[in-house]
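*Asks:* Sharing a structure below in structure tokens format, with a few things to ask.
Bear in mind that the values in this text are calculations on the coordinates, not laboratory data. Since we're looking at a predicted model, the values are computed, not measured. As a convention, Cβ positions derive from the backbone with ideal geometry for all residues, glycine included, and neighbour counts pool all protein chains shown.
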Amino acid sequence: MAAHTEDHGHHITPMSVYVKTLFALAFLMALTIAASYVDFGKIIGNSALGSVINNVIAMTIACLKAVLVIQFFMGVKYSSKLTKMWAWAGFVWFLLMGMTFGDYFTRHWEPAPGWYAEDTELPPRESEIRLRPTPKVHSEEGGH
Amino acid sequence: MSSIPVAPQINTDPPQPTRNYLNTEHTIKSWLLTGDHKRIAVLYLISISIFFFLGSLAAGFIRLELTSPRGVLLESETYNKMFSAHGIIMIFFFLIPAIPAVLGNFLIPIMIGARDLAFPRLNLLSWYLYLIGGVLFLIALMMGGVDAGWTFYTPLSSIYSTGQITIALVGLFITGFSSIATGINFIATIHKMRAPGMTWDRLPLFVWAHYATSIVIILGTPVVAITLLLVVFERVFKIGVFSPELGGDPVLFQHMFWFYSHPAVYIMILPGMGVISELFAAFSQKRVFGYHFVAFSSLAIAALGFIVWGHHMFVSSQSMYQGIVFSFLSFLVAIPSAVKVFNWAATLYKGHIKLKAPMFFALSFIGLFLIGGLTGLYFAAVATDVHLTGTYFVVAHFHYVMVGGAITAFLGGIHYWWPKMFGKMYPESWAKLSALLVFVGFNVTFLPQFVLGFLGMPRRYHYYYFQGGDMQFYNILSTAGSTVLAIGFLLPAFYLTWSLKYGKDAGPNPWGAVGLEWQKVGSPPTTYNFEEMPVVTWEAYDYQAVREGTLELNSTAHHHESYIGQPEKEEKV
Amino acid sequence: MAMVQDTHGGHGHGHGDEPLHHQFEDIHQQNETYVIGMWTFLVTEVMFFGALFLAYSLYRWKYQPDFYIAHKELSVFFGGLNTVVLLISSFFMAKAVYHAQRKEKRKQLNMLWLVQACAVAFLFIKVVFEWMPKWQHHLTPLNFIWDKPEGNAEHAQLFFSLYFGMTGLHGIHILAGIIVIGALQYLVWKDAPSVKGDYIPTEMIGLYWHFVDIVWIFLFPLYYLLPR
Amino acid sequence: MWNFPVAPPKASTYAAPHDYLFYAITALTVFFTVVVFAVVIFFAIKYREGSKASREGASDENLRVEIMWSVPPLFLAFLIFAWSTKLYVDWRKPPDNAMEVFVIGKQWMWHVQHANGVRENNELHLPAGVPIRVTMISQDVIHAFYIPAFRSQYHVVPGRYTVQYFTPTTPGRYPLYCTMHCGTQHSEMGGYVTVLSKDEFAKWLERGGEEQAPVTKTMAQRGAELFKDKNCGSCHGPADTVQGPSLNGIYGTARKMTDGSAPIADQEYLREAIIDPYRRLNQGYRDTMPGDYRQVFTEEELLDVIEYTKSPGATKTPEVQVATNSGASSR
């Protein structure tokens, strides 16, 4: 059987790389925990945007960590093109499922009263529609 | 073949000389623990045939029930269980494994010049998982059945249905892994185990189709597995991911389900297309026209298949903008499909066409698949979808693709490779009769359903008294057609079994076809397929070279009528 | 016909005492095939978890405020501790592969033991300090009671359903990892032919283990570090 | 006995344009099927083994040919896509002055409410020539509200309102189906849509439906009663209070939420605000709405309450005069 030293598909990653990777991962983990305690919503004065920033930071760090693990621990950096393709294909393909969000993001673009989102003017009240008796209500009394 | 004495076998080294994979060992254990891809293919063939029979039986009940607008035969509950069983069995236990697990398993290693699939034990495991899943589903049937349809839409399946959905879904979950195992095996095999000279450019289109199919399997099946598992969790632990009571969205289930189940259509039809490419080449004695286009159209279909799932949901309260996007993408699938059909037609042009039974199946595939594919346009177009989806129109459409496409291709492939698998010829005229019956019976069954659907008959109804007078005739016509179709399907079961004992010996290459499975191995092949590694120096389907005499076929049986078996080589111990 | 098994170059055939299986030409081809097979399997795993991540992100997006309130029930400390444990286990796993490649059997076994220790520690922390208290606080799907003054009970339940679904599935993967690594250790210890002198089994199990780690890398910020 | 119809009756404004597209695709399907299949059969016979046809110049790859037969179908596909999308957008577009009908799907019947209080089961009466907006919700599983004669179908989903629009044109009686499998008696979940002329429909409404006694309350009036019974007015009075915003004239206005979004207060919004009040909060309010209103209101009652908030002057008038004479038909 082929000795691994002469086998180009088989690369022994130096131990120092593993150690560095581990420290990088630990650092990133500390960073992500620290970042989660920073309320960007308060800093920039917009809670919705702040939440987005927090999320982006957390996910970016998570992706970085995943890349480190894949590249060095799993050794994809040193493997064949084919392995590289398979390694990333899954993650890319998973994003296709994100098309689902297209549905949820655009659903409310179909506002019930008017077709176009910028329609601030309402369609005629139901009461103005023919064939449709208005409820008999008296409006002289206030609420309690 | 039984006349040739087989040396007594002991299941240890050193191996005794073997003649072929079938008679190398006879014990049941040797079959149940085999790693041989060919034996596993045979195991699969037997099991999917059983499931196909069960599924057809359910279909028969459905068709009988529908002869009357008020359903005289079955209770509503029973009817629902019947069509659910039909759908689930046919899709998960027959169509998805049919061509890949039988023909693909048997042929891919031989076609690319490998001794076996990359992971024989995984292959065997795949069959056992399939069996466990199937048995679990049958247990669910016996314990009361499943009434949610094969689509398992929530919240009917997760909360309201009283059927044995949990067991059935666990069964499907397990079966999903059988499919994944096959997919992984094919991908690793096709990538890494091709014989010297067998470049991607020279792969038979059957292998290309299976490569595309495997990609769909490994990317899609896990998603449906987890989706069905969530439904199980919802039933058992009330976790509520899809239940509106907890703020879950039942439509999310549809997204996740169709993310797999639309590509699953391509899992069923792509291998069929691969079979048809082989048949057209072999029986036209000509290279498939536009080899590269046909090969890449398989990949295109596989890739596009993943981004069109929303066309099952145009009226499901999905956002209309998303609907339009999905509609647009769905139209794109028409192109690679059209490319395939046109290329097959062009393959015949100036060929030397042998009108054998497999070719009959291939020709009827073209007709039926055309209708099936083109009626897909009604469902890619949102405007017509809002009228036709959920009616018999959609039933007719997917039966044209699934039965007219996939099953016709499967039957064609089984006939074509039967001599290779078992070394025996099937009876030609019976096979032609079967092909004819399937074609006619199929059309009589499903053409009326297009009309029914346009009239508005909802699918999964067994009462149609609201419009009974309008619909009964078409339903009776359809049932009559299904009887013919059933005979067409039953015939091969008999004569193929008969041929195992009484068929003529086939010889290694009865069709005079190009391809490693015909040129380099006997019929049936030996356990490890190749005596020596073949080195491929010719293009796929290089019939031109055969005619010019530069490529020699294994068999002298160019005159296919003679079926002269190639004399076995001397067996050396 | 010649004996098929012996015609291809005199190498082993399945049940011989060499790690090469009959269907392969040489060990190089076998190794590459195994690696591709493993990666293909990992792709299916990505899609498997991917579907869950999709469901999670959707509901997180829809019910962010309730999810934020619900997530306070989770302990960042134990989540973080478990992250550390898994990262370290991944490191040991990488080392195990390293030693397997250099054919240092003793060191390889030791590293695998460390991985096992981390895996068990992970599960222990998970079960004892995270899942069991949730059960006592009625936060698990079957006994769910939301008695907090704020937050929507249903959405909180959804959060915990997803939490138990995803961490549970992850836990099952860890458990499977423990079993597989155990089997590997046994084979290595016994000098079984399938692993002797062949680092590929270790590498493949390593790939799986790292993948499980990656899943946790995403689970941790998504569940434990929710912004308001 | 049997009829042999090949097409369902056309009874809505959508039916005719839909059918044009349908027949266009049918023509395309038949054309391609016949031509390609004929060509295949012709080749199979002409070039059968042993025939004398010339095989000179047979080729097996030709880029130009491939482009020639893939581009035209692509254009045809785009054409159909454009045509269909135009139709679809029109179909989804809310018509002006639509009359509202409310549909509740449940296992296994269709329950219909008209705004003036008339209810019917598995029957739907509509006026011809009036655009209809059907607001649908399911009480249990997913159903699909399908009227073949209108060529119109849409899913009825639990937990969320869905709408479909159509304009019936021809008076008549047409079948109504559920096309989404919904359990045991799915096959029986159907009935008839009766399209009446405008006048007849007005009379029908006045009569209080086909078989029912004249109705005593409109939906909005029932809603007003519920509003009072459940004590909603104590917080959601005529003007905004500390506890909650007024519902007076809220329908159709843009709301400002604490998460920064500004949804329009439509039916969907109001439903969510009632049964799931904490998902989004109006700016300036705290999450103090008591009780689980999902348990309090049925789907029908929710529709009533929402209908009440739509009516002008709603919530200013907790005291509702109940009409005692035949129906609440003031017009």
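*Asks:* Just to be sure I understand the curve: with the Debye formula and one point per C-alpha of segment C:37-96, what is log10 I(q)/I(0) at q = 0.12 Å⁻¹?
*Replies:* -0.52
*Asks:* Then there's this: So what does log10 I(q)/I(0) come out to for chain C at q = 0.11, 0.13, 0.16 Å⁻¹, using the Debye formula with one equal point on every Cα and no solvent?
*Replies:* Log10 I(q)/I(0), no solvent term: -0.65, -0.82, -1.06.
*Asks:* What is the angle, in °, between the Cα long axis of helix D:63-92 and the longest principal axis of the Cα atoms in chain D? Nearest 10 is fine, range 0 to 90.
*Replies:* Taking the Cα atoms of chain D, the angle to D:63-92 is about 20 degrees.
*Asks:* To continue, here is another question. Report, to two decimal places, the Cα Rg of segment B:159-244 normalised by 2.2 N^0.38 Å (N = number of residues).
*Replies:* 1.52
*Asks:* For segment B:274-347, state the semi-axes of the equivalent ellipsoid (square roots of 5 times the eigenvalues of the alpha-carbon gyration tensor), sorted largest first and rounded to whole angstrom.
*Replies:* In descending order, the three semi-axes are 33, 9, 9 Å.
*Asks:* If you don't mind, there's one more thing I want to ask. Considering every Cα-Cα pair within segment D:1-93, what fraction, in whole percent, is farther apart than 23 Å?
*Replies:* Pairs farther apart than 23 Å: 53 percent.
*Asks:* OK, next. What is the log10 of I(q)/I(0) for segment B:50-89, computed with the Debye formula using one identical point scatterer on each Cα and no solvent, at q = 0.21, 0.23 Å⁻¹?
*Replies:* -0.57, -0.66
*Asks:* Rounded to two decimals, what is Rg over Rh for segment B:330-372 when you use alpha-carbon atoms and the Kirkwood radius?
*Replies:* My calculation puts Rg/Rh at 1.04.
*Asks:* Please list the non-local residues whose amide H lies under 5 Å from the amide H of D:Ser138, H modeled 1.01 Å from N, same-chain partners needing a gap of 5 or more.
*Replies:* Residues meeting the criterion, in which the H sits 1.01 Å from N, are D:Gly105, D:Val157, D:Gly159, D:Arg160.
*Asks:* Still on this structure, I have one more. Roughly how crowded by other chains is peptide C:89-97, in terms of the mean Cβ count from those chains within 10 Å of each of its Cβ atoms?
*Replies:* 5
*Asks:* Translational diffusion coefficient of the protein assembly as shown at 4 °C, 1.567 mPa s, Stokes-Einstein with Kirkwood Rh over Cα pairs, in µm²/s as a whole number.
*Replies:* This corresponds to a translational diffusion coefficient of 39 µm²/s.
*Asks:* What fraction, in whole percent, of alpha-carbon pairs in segment B:62-186 exceed 23 Å separation?
*Replies:* 42 percent
*Asks:* Continuing with the same structure: Taking a quarter of the surface of the convex hull around the Cα atoms of segment C:101-228, what do you get in nm²?
*Replies:* Quarter of the Cα hull surface area: 9.2 nm².
*Asks:* Let me ask another. Which order do the peptides B:256-263, B:123-130 take when ranked by the mean count of other beta-carbon atoms within 10 Å per residue, highest first?
*Replies:* B:256-263, B:123-130
*Asks:* Can you work out the Karplus-derived ³J(HN,Hα) for every residue in segment A:42-58? Use 6.51 cos²θ - 1.76 cosθ + 1.60 with θ = phi - 60°, whole Hz, and x for glycine or proline.
*Replies:* Values per residue, Gly and Pro as x: 6, 4, 9, x, 9, 5, 5, 5, x, 4, 4, 4, 4, 5, 4, 4, 4 Hz.
*Asks:* List every residue whose amide H lies under 5 Å from the amide H of D:Met180, counting only residues 5 or more places away in sequence or on a different chain, with H placed 1.01 Å from N in the peptide plane.
*Replies:* D:Ala144
*Asks:* Follow-up question, since we're still on this one. With unit charges on the beta carbons (Lys and Arg positive, Asp and Glu negative) and the dipole taken about the Cα centre of the protein assembly as shown, which residue among B:Ile89, B:Tyr153, B:Gln519 sits farthest to the positive side?
*Replies:* Going by the charge dipole, the pick is B:Gln519.
*Asks:* Also, quick follow-up: Please sort D:277-289, B:243-255, D:56-68 by packing, taking for each peptide the average over its residues of neighbouring beta carbons within 10 angstrom, highest first.
*Replies:* Per-residue mean Cβ counts within 10 Å order the peptides as B:243-255, D:277-289, D:56-68.
*Asks:* Restricting the calculation to Cα positions, tell me the Rg (one decimal) and the Dmax (whole number) of chain D in Å.
*Replies:* When restricted to the Cα atoms of chain D, Rg and Dmax are 27.3, 96 Å.
*Asks:* Sticking with this structure for a sec: So what are the ³J(HN,Hα) numbers for segment A:73-78, from phi and the Karplus equation (6.51, -1.76, 1.60; θ = phi - 60°), rounded to whole Hz, Gly and Pro as x?
*Replies:* Taking θ as phi minus 60°, the curve returns 4, 7, x, 5, 4, 9 Hz for segment A:73-78.
*Asks:* Quick one, can you get me the convex hull of the C-alpha atoms of segment D:114-258 expressed as volume per residue in Å³?
*Replies:* Spelled out: Cα convex hull of segment D:114-258, divided by residues, is 163 Å³.
*Asks:* Sorted from largest to smallest, which semi-axis lengths in Å does the alpha carbon gyration tensor of segment D:67-159 give for its equivalent ellipsoid, taking the root of 5 times each eigenvalue?
*Replies:* Those come to 35, 17, 10 Å.
*Asks:* Quick one: what does P(r) look like for segment B:296-432 with 10 Å bins over all Cα pairs, in whole %?
*Replies:* Reading the bins upward from 0: 12, 33, 30, 16, 8, 1.
*Asks:* Report Rg (one decimal) and Dmax (nearest whole number) for segment B:17-118, counting Cα atoms only, units Å.
*Replies:* Considering segment B:17-118 through its Cα atoms, Rg and Dmax are 19.0, 65 Å.
*Asks:* Along each of the three principal axes of the Cα atoms of chain B, give the extent in whole Å, ordering the values from largest to smallest.
*Replies:* Dimensions of chain B along the principal axes of its Cα atoms: 72, 52, 44 Å.
*Asks:* List every residue whose amide H lies under 5 Å from the amide H of D:Arg133, counting only residues 5 or more places away in sequence or on a different chain, with H placed 1.01 Å from N in the peptide plane.
*Replies:* HN-HN under 5 Å from D:Arg133: D:Met99, D:Glu100, D:Val101.
*Asks:* Something else: Over segment B:234-288, what number does the Rg to Rh ratio reach, with both radii from the alpha-carbon atoms and Rh per Kirkwood?
*Replies:* A ratio of 1.45.
*Asks:* Same structure again: Any idea what the alpha-carbon Rg over 2.2 N^0.38 Å comes to for segment C:12-125?
*Replies:* Against the compact-globule rule of thumb, the ratio is 1.54.
*Asks:* Taking the Cα atoms only, what angle lies between the long axis of helix B:37-65 and the longest principal axis of chain B, rounded to 10 degrees?
*Replies:* Helix B:37-65 sits at roughly 30 degrees to that axis.
*Asks:* Which of C:Tyr68, D:Tyr146 has the fewest other C-beta atoms within 10 Å, and how do the rest follow up to the most?
*Replies:* Exposure proxy ranking, most exposed first: C:Tyr68, D:Tyr146.
*Asks:* Convert each backbone phi in segment B:66-79 into a coupling constant with the Karplus relation 6.51 cos²θ - 1.76 cosθ + 1.60 (shift: θ = phi - 60°), then list the ³J(HN,Hα) values in order as whole Hz, x for Gly and Pro.
*Replies:* With coefficients 6.51, -1.76 and 1.60, one gets 7, 5, 10, x, 10, x, 8, 9, 10, 6, 4, 4, 5, 4 Hz.
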